[in-house]
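Notes follow once the structure below has been shown.
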Amino acid sequence: MKQCTHADALPLPEPQPKNETCPECLAAGTHPVQLRLCLECGHVGCCDSSPMRHATEHHKETGHPVMRTFEPGESWRWCFVDHVLV
């Protein structure tokens, strides 16, 4: 089973969210479907079900490997590099 090789290097405590919603969606006038929090820097972006996929774009631009859901009542994490739940 493949495992994430990046989770142990994440900052503790986890970063505070920079926004309450996806700022790129706000600027573009689109609606984020689900929100994700970058666990490296606190960027909030929309998920791949959103038209613009800003969380994935943030990973591609920065290389930050792990995000977690930013939805109430959810706590899962995803590693973009290793393509696994953390």
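The values are calculated or read from the model by the stated rules, or taken from the named source; none is laboratory data. All figures in this text were calculated on a predicted structure; none of them were measured in a lab. Note: ideal-geometry Cβ built from the backbone for every residue, glycine included; neighbour counts use all protein chains shown. The area values use the complete protein model at the heavy-atom level, side chains included, leaving out ligands, DNA and RNA. Shrake-Rupley method; radii C 1.70, N 1.55, O 1.52, S 1.80 Å.
For the chain, the longest piece that avoids every one of the trypsin sites (Lys or Arg not before Pro) found in DSSP loops with at most 14 other C-beta atoms within 10 Å covers 19-86. Among the GluC sites (Glu not before Pro) found in the chain, those both in a DSSP coil and sparsely packed, with 15 or fewer other Cβ atoms within 10 Å of their Cβ, are GLU20, GLU74. Using C-alpha pairs below 8 Å separated by at least 6 residues, the relative contact order for the range 16-83 is 27 percent.
Mean residue ellipticity at 222 nm, helices only, the chain: -4500 deg cm²/dmol; runs of at least 4 DSSP H residues each add -39,500 (n - 2.57), and the sum is divided by the number of residues.
Using bins of 10 Å that start at zero, the share of Cα-Cα pairs per bin across the range 16-83 amounts to 24, 60, 16, 0, in whole %.
Each of GLU57 and LYS2 was given a label point 7 Å from its Cα along the Cα-to-Cβ line. The distance between the two points is 2.5 nm. Over the chain, accessible surface divided per residue gives 61 Å², non-protein components excluded, 1.4 Å probe.
Extending 7 Å from Cα along the Cβ direction at ALA27 and again at GLU14 yields two label points whose distance is 2.5 nm. Relative to the Cα centre, the charge distribution of the chain, modelled as +1 at Lys and Arg Cβ and -1 at Asp and Glu Cβ, gives a dipole magnitude of about 100 debye.
Counting only protein heavy atoms and a probe of 1.4 Å, the accessible surface of the chain is 53% carbon and sulfur.
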